[in-house]
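Novice: Before anything else, here's the structure in question.
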Amino acid sequence: MKQKIIGIVLAVTLIFSFIPVVMAANTLPSSYGAPKDFSIHYREDGMDSSWAGFDANVSASDELRSYVDIVGADDSVFSSGEYTFSDILLQLDYKVDSGSWHYKSQWDEDPGYNTNKSLVRIEKGTYSNSVVFDKSQFESISPGETLPADKSYFDTHSMDFRARYIVSYQDSNGQFYQYFSPWSQSVSFSNNQQIEDPDKLINHIPGLKSADLKKDTDNKPYLDIVTDQAHEDLRLLNTISNNAVKTEVWLSVNNGEWKACHSDSFVEEFNIGSEAYFGLQDSYENAVYDIKFRYVFDYYNYPAAGKSGVIYSPFSNVVSHGMAAYSAASEWAKTVLDKANSYGLIPESLKGADMTKPITREEFAELVVKLYEKTTGKTSSPASPNPFTDTNNPEILKAFKLGITAGTSTTTFAPRELTNREEVATMLSHAIRVIVPDADFSTTGAPVFKDQKDISSWALEHVLFMSKAGIINGADGKFMPKALTTEEEAAEYGTTTREQALVMSASSFEKFK
């Protein structure tokens, strides 16, 4: 829902000075989705549990995330002065027991109708927040209605709530824009609430997008952290606990021991002062570090669960900086390995590794995820819940969700096992089918190998396709798909080395990019 009103300005929360630069090209959303992760928390007045109102917790819809990213960008229609302010309100509607909602059309028609809406701080990198709704706001919506006196009211009564966003901004000509989102799903509050299980809600692998070492205006180092959006279960845990989920960052410098270096709130973008870890230097280009994070939750913040203590999510993937691309490699492979590194195809776990060693199932899964993301420009997400009992590596779970890899059983992945050539051909073929689903996958004209009878039936089509595409080759007319005897297993016959896998990945990238 959208309104355009000339010359009317609501309360301003963010003011942007006019900057005479070339107008930035940004497309503002033309509609806004309903609030996500909506929850309600009772507010007490003093120690007697008397009712003071409610706290409402919400997360931004996809459209609102896009909007606040534009508002917070250095080069945007707001920083250029095309638009001069941004205002985001949360409006609350409610009903008691089986009564009716209080919404009336006046709420849409009168921009000054402000009794049941409050400013909400939704910003770039912080896409969720809580909003206070005082009891006076409820009293003004429905004067004379019986409202709670204290928490005992909710032993026999319930209140249902829904919320919507009101997004407002003004252009440089004084034209005012106002958008109403749809109402959120309703939530109910009583003293008989459904109890959630935080152990299950937190058990999702987070994703770390980037961790760049930068300098501030005083030339001091800081880490600029960007994470993936947390799983919806984690967002639910954060809202039902009134924003109590924390982000814990761990750092390893110069291949040293891991140390917890920072704790933050439930945000997706934040900075960590890092002078204590890197000192003051003219340049940090050669800094060597690994970084990861996890979510932390204290049961103290959700007493309804009846438990105590602190619980943790699994750790995220590791982001590394300054690691050598490899420590050892065959001469024939170095040129292509350098290209693979420049393409961003070498996973962090293989940085600095001996490339002549056989690649494991885990390492290859990480490699094919890199190939998928760098070739398509898309970011993948881990499968959830995790079906495997022997790994919680998010890269494995990404490859599994994409349909590129499978487990060795319904519950195991065997991450440390070495891959064989037919497995590598099959996984790469699956990756290419996900990357370019409309490609020609026929095997007509593919070479016939002397040992083709030894290729498993499930792998044959993929081996032939990959060999026809020129990405996988045999030797002396043989493909050597796998070890068939204990002697061959001991000799690592039919395995694929890390450098061979990366050469195939680079060839796939160049062919299908």
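Novice: Out of all the residues in region 118-133, which are in contact with a strand residue (DSSP E or B) (Cβ under 8 Å, 6 or more places away or on another chain) and outside any loop (DSSP other than H, G, I, E, B)?
Specialist: Within region 118-133, the subset in contact with a strand residue (DSSP E or B) (Cβ under 8 Å, 6 or more places away or on another chain) is 118-122, 124-133.
S118, L119, T126, S128, N129, S130, V131, V132, F133, listed by residue number.
Novice: Mind listing just one residue for me: the one in region 273-305 that is in a strand (DSSP E or B) and touching a residue at least 60 places away in the same chain (Cβ under 8 Å) and, of those, nearest to N238 (Cα to Cα)? First the steps, then the outcome.
Specialist: Restricting attention to region 273-305, the residues satisfying the condition of being in a strand (DSSP E or B) are 273, 289-298.
The next check asks that each one be touching a residue at least 60 places away in the same chain (Cβ under 8 Å); those that pass are 289, 291-295, 297.
Values: Y289: 30, I291: 23, K292: 20, F293: 17, R294: 14, Y295: 10, F297: 9 Å.
Among residues in region 273-305 that are in a strand (DSSP E or B) and touching a residue at least 60 places away in the same chain (Cβ under 8 Å), the one nearest to N238 (Cα to Cα) is F297.
Novice: Right, here's the next one. With the condition kept exactly as written, say whether any residue in region 113-129 is touching a residue at least 60 places away in the same chain (Cβ under 8 Å), in contact with a Lys or Arg (Cβ under 9 Å, 6 or more places away or on another chain) and among the small types (G, A, S).
Specialist: So far as region 113-129 goes, yes, one or more of its residues are touching a residue at least 60 places away in the same chain (Cβ under 8 Å), in contact with a Lys or Arg (Cβ under 9 Å, 6 or more places away or on another chain) and among the small types (G, A, S).
Novice: Here is a further query. Filter region 229-251 for residues that are open to solvent by less than 30 Å² (accessible area, probe 1.4 Å) and part of a loop (DSSP other than H, G, I, E, B) and give the result.
Specialist: A230, S241, A244, V245
Novice: Kindly list the number of the only condition in (1) open to solvent by less than 40 Å² (accessible area, probe 1.4 Å); (2) modelled with pLDDT under 90; (3) hydrophobic (A, V, I, L, M, F, W, C); (4) not in a loop (DSSP other than H, G, I, E, B) that fails for A325.
Specialist: For A325, the failing item is (4).
Novice: If you scan region 64-78, which residues turn out to be open to solvent by 20 Å² or more (accessible area, probe 1.4 Å) and in contact (Cβ under 8 Å) with a residue 60 or more places away in the chain?
Specialist: If the condition is that a residue be open to solvent by 20 Å² or more (accessible area, probe 1.4 Å) and in contact (Cβ under 8 Å) with a residue 60 or more places away in the chain, then R65 is the only one that fits.
Novice: I'd like the full set of residues that are over 22 Å from T126 (Cα atoms) and modelled with pLDDT of 90 or more, limited to region 241-259.
Specialist: As a first pass, look at region 241-259 and keep what is over 22 Å from T126 (Cα atoms): 251-259.
Those that are over 22 Å from T126 (Cα atoms) and modelled with pLDDT of 90 or more: L251, S252, V253, E257, W258, K259.
Novice: Restricting the search to region 139-168, which residues are touching a residue at least 60 places away in the same chain (Cβ under 8 Å) and not in a strand (DSSP E or B)? Walk me through how you get there before you give the answer.
Specialist: Residues of region 139-168 that are touching a residue at least 60 places away in the same chain (Cβ under 8 Å), as a first pass: 147-154, 157-168.
Of everything in region 139-168, those that are touching a residue at least 60 places away in the same chain (Cβ under 8 Å) and not in a strand (DSSP E or B) turn out to be L147, P148, A149, K151, S152, Y153, F154, H157, S158.
Novice: Run down S105, S118, S128, S168 and say which single residue is of a type in the set (S, T, Y) and either more than 37 Å from the chain's Cα centre (by Cα) or open to solvent by 70 Å² or more (accessible area, probe 1.4 Å) (or both). Don't jump to the end; show me each part of the working.
Specialist: Values: S118 fails: either more than 37 Å from the chain's Cα centre (by Cα) or open to solvent by 70 Å² or more (accessible area, probe 1.4 Å) (or both); S128 fails: either more than 37 Å from the chain's Cα centre (by Cα) or open to solvent by 70 Å² or more (accessible area, probe 1.4 Å) (or both); S168 fails: either more than 37 Å from the chain's Cα centre (by Cα) or open to solvent by 70 Å² or more (accessible area, probe 1.4 Å) (or both).
Sole residue among the options that is of a type in the set (S, T, Y) and either more than 37 Å from the chain's Cα centre (by Cα) or open to solvent by 70 Å² or more (accessible area, probe 1.4 Å) (or both): S105.
Novice: Under the condition of being in contact with a helix residue (DSSP H, G or I) (Cβ under 9 Å, 6 or more places away or on another chain) and buried (at least 20 other Cβ atoms within 10 Å of the Cβ), which residue from region 214-228 is nearest to K36 (Cα to Cα)?
Specialist: L223
Novice: Let me confirm something: among S136, S86, which residue is farther than 20 Å from E268 by Cα and part of a helix (DSSP H, G or I)? Show your work before the answer.
Specialist: Details: S86 fails: part of a helix (DSSP H, G or I).
Of S136, S86, the one residue that is farther than 20 Å from E268 by Cα and part of a helix (DSSP H, G or I) is S136.
Novice: Report, by residue number, each residue of region 45-63 that is assigned to a loop (DSSP other than H, G, I, E, B) and buried (at least 16 other Cβ atoms within 10 Å of the Cβ). Steps first, please.
Specialist: Here is the first cut: in region 45-63, the ones assigned to a loop (DSSP other than H, G, I, E, B) are 46-49, 60-61.
Once the filter is applied, which keeps residues that are assigned to a loop (DSSP other than H, G, I, E, B) and buried (at least 16 other Cβ atoms within 10 Å of the Cβ), region 45-63 yields A60, S61.
Novice: Okay, next question. Residues of region 306-322 being in a strand (DSSP E or B) and within 26 Å of P358 (Cβ to Cβ), which ones? Steps first, please.
Specialist: Looking only at region 306-322, we keep the residues that are in a strand (DSSP E or B), and these are 310-312, 319-321.
Result: V319, S320.
Matching residues to (1) closer than 30 Å to S105 by Cα; (2) among the hydroxyl-bearing types (S, T, Y):
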{"position": "R164", "(1), (2)": "yes, no"}
{"position": "Q178", "(1), (2)": "yes, no"}
{"position": "F189", "(1), (2)": "yes, no"}
{"position": "L201", "(1), (2)": "no, no"}
{"position": "K209", "(1), (2)": "no, no"}
{"position": "L213", "(1), (2)": "no, no"}
{"position": "Y222", "(1), (2)": "no, yes"}
{"position": "I225", "(1), (2)": "no, no"}
{"position": "Q229", "(1), (2)": "no, no"}
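Quick grid of which residues meet (1) free of Cβ contacts under 8 Å to residues at least 12 places away in the same chain; (2) over 26 Å from A475 (Cα atoms); (3) small (G, A, S):
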| site | (1), (2), (3) |
| --- | --- |
| E395 | no, yes, no |
| G407 | no, yes, yes |
| V424 | no, no, no |
| P447 | no, no, no |
| K453 | yes, no, no |
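The values are calculated or read from the model by the stated rules, or taken from the named source; none is laboratory data. Owing to the predicted nature of the structure, the values given are computational and were not obtained by experimental measurement. Positions of Cβ are generated from backbone atoms using ideal geometry, with glycine treated the same way; all protein chains shown enter the neighbour counts. Areas reflect the complete protein model, heavy atoms only, side chains present, ligands, DNA and RNA absent. Shrake-Rupley method; radii C 1.70, N 1.55, O 1.52, S 1.80 Å.
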